[in-house]
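Novice: Quick one: structure below, then a few questions.
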Amino acid sequence: MAKFGLAVHGGAGVIRKDELTAEQESEYRRSLAAALEVGQKILSAGGPALDAVEASVSVLEDDPLFNAGRGSVFTHEGKIEMDAAIMDGKNLKAGAVAAVRNVKNPIRLARAVMERSPHVFLIGDGAARFAEDIGIELCDNTYFYTDRRWNELEKAIEAGKVTLDHSSLDPRIGQKKPMGTVGAVALDMAGRLAAATSTGGMTNKQYGRVGDTPIIGAGTYADDVCAVSCTGHGEFFIRAVAAYDLAARIRFAGKPITDAAAEAINRVGSFGGEGGLIAVDSAGNMSMPFNTEGMYRGFITSESGPIVEIYR
């Protein structure tokens, strides 16, 4: 019988159980389960992995709990700038966008770049013009505004601090950092693999900073052996080329996915990086390692699930 598998994440970082109320935990679990359900319906009907990861990530982008899409954090100038990437493991086609504004679902724009342009990566105003030209859904700034994210920006500015999305408690700000880069990886019943990742970046970011999410091979990657979506301190994942590093360990060293994923995260951590990843291989095996206190994550397969976890 043909197998399918789907995993999602909503960010890794300091997720202390004593700081998350039972109600808040239930909200996160419901949101992750909803993302799994949408993707599972596509896969169980024989649909492509690419459709499943796009749909699952779109659900998480629409949820203000996560730092992607509607819940994105603010830049130093009080703006929303979002990044996203998607990759089809069957043919190594990929699409990515960075520093986009007013786009309701950046992951849909990333897929459009892959399928409806001759390019892989569009940024800023150019990506915005492309979105307008092809009719991607846009939203007014008020759609993305949340009091929670604005308060985080004010505290970060007051402290003179750039707040990373997945790092430890900042004593000068005195609060837990926002979690939330979102992603999905999938294997469909035809044996195709795909990965997708979306993020709002980091609070108080300046100078047009872009993290690992839209960089193919760093935060997002898929080929015929595995699909990977990363979350964490993006600069470290870029330097480690983390997503491709995992795939290379499987392809060239013959490592099982659990070993390859653990080694990839350990390498990121070896020079100071924090975060995690989700990965699925061509046999439907999954791994979701992280080196932080927790990671919002879940999976479902043709044989089990859905399973949603937050802590270790």
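The values are calculated or read from the model by the stated rules, or taken from the named source; none is laboratory data. Everything numeric in this text was worked out from a predicted model, so none of it was measured. FYI the Cβ positions are ideal-geometry reconstructions off the backbone, even for glycines, and counts take in every protein chain you see. In case anyone asks, the SASA skips ligands and DNA or RNA and just uses the protein heavy atoms, side chains included. Shrake-Rupley method; radii C 1.70, N 1.55, O 1.52, S 1.80 Å.
Novice: So what is log10(I(q)/I(0)) for region 201-312 at q = 0.13, 0.21 1/Å, when the Debye sum runs over its Cα atoms only?
Specialist: With one equal scatterer per Cα and no solvent, log10 I(q)/I(0) is -0.47, -1.13.
Novice: Here's something else I'd like to know. Please give, to one decimal in nm, the separation of the simple spin-label points placed at F252 and E309, each 7 Å out from Cα toward the Cβ.
Specialist: 3.0
Novice: With label points built 7 Å along Cα→Cβ from the Cα atoms of Y143 and K79, find their separation and express it in nm.
Specialist: Rounded to a tenth, the inter-label distance reads 1.8 nm.
Novice: Another question, if that's okay. Accessible area per residue of the chain at 1.4 Å probe, in Å²?
Specialist: Accessible area per residue: 39 Å².
Novice: Further, regarding this structure: Once you have the Cα-Cα distance between A283 and E25, take 0.36 nm times their residue separation minus that, and quote the gain in nm to one decimal.
Specialist: Contour length minus the Cα-Cα distance gives 89.7 nm.
Novice: Note down the nm distance, to one decimal, between modelled labels 7 Å out along Cα→Cβ at Q206 and at D18.
Specialist: That separation, rounded to one decimal, is 3.6 nm.
Novice: Considering only DSSP states other than H, G, I, E and B, which GluC sites (Glu not before Pro) in region 1-98 qualify as loop sites with at most 13 other Cβ atoms within 10 Å?
Specialist: Here the GluC sites (Glu not before Pro) that fit, given the DSSP loop and packing criteria, are E77.
Novice: Oh, and also: So if R0 is 51 Å, what FRET efficiency would N151 and A2 give, r being the distance between their Cβ atoms, rounded to the nearest 0.05?
Specialist: 0.60
Novice: I've got another one for you. Which sequence of H9, H119, H76 reflects their accessible areas, 1.4 Å probe, from the largest down?
Specialist: H119, H76, H9
Novice: With runs of 4+ DSSP H residues as the only contributors, calculate the mean residue ellipticity of the chain at 222 nm using -39,500 (n - 2.57) per run, divided by the residue total and rounded to the nearest 500.
Specialist: -10500 deg cm²/dmol
Novice: Out of the total accessible area of the chain (probe 1.4 Å, heavy atoms of protein only), what percent is carbon and sulfur?
Specialist: Roughly 50 percent of what the probe reaches on the chain is carbon or sulfur.
Novice: Over the chain, what is the percentage of antiparallel beta bridges among all DSSP beta bridges, to the nearest 5?
Specialist: Of the beta bridges lying entirely in the chain, close to 95 percent run antiparallel.
Novice: In region 79-121, what trypsin sites (Lys or Arg not before Pro) fall in a loop by DSSP, with at most 15 other Cβ atoms inside 10 Å?
Specialist: Of the trypsin sites (Lys or Arg not before Pro), the ones in loops of region 79-121 whose Cβ has at most 15 other Cβ atoms within 10 Å are K79.
Novice: Going through region 185-255, which chymotrypsin sites (Phe, Trp or Tyr not before Pro) have at most 11 other Cβ atoms within 10 Å and a DSSP loop state?
Specialist: Those that pass, being in a loop and sparsely packed, are Y207.
Novice: Now for a different question. Could you tell me the relative contact order of the chain? Use alpha-carbon pairs under 8 Å, at least six residues apart, and round to a whole percent.
Specialist: Across the chain, relative contact order equals 26 percent.
Novice: Also, quick follow-up: Once you treat every alpha carbon in region 1-157 as an equal point and sum by Debye, what is log10 I(q)/I(0) at q = 0.14, 0.17, 0.19, 0.20 Å⁻¹?
Specialist: The Cα Debye sum returns log10 ratios of -0.77, -1.08, -1.25, -1.32.
Novice: Continuing with this model, one more query. Report the number of Lys pairs in the chain whose alpha-carbons are under 24 Å apart, with separation of 8 or more residues or on distinct chains.
Specialist: 28
Novice: If you scale each eigenvalue of the Cα gyration tensor by 5 and take the root, what three semi-axes come out for the chain, rounded to whole angstrom and sorted largest first?
Specialist: 27, 22, 18
Novice: Debye sum, Cα scatterers, region 249-312, no solvent: what log₁₀ I/I(0) at q = 0.23 1/Å?
Specialist: Debye output, listed in q order: -1.02.
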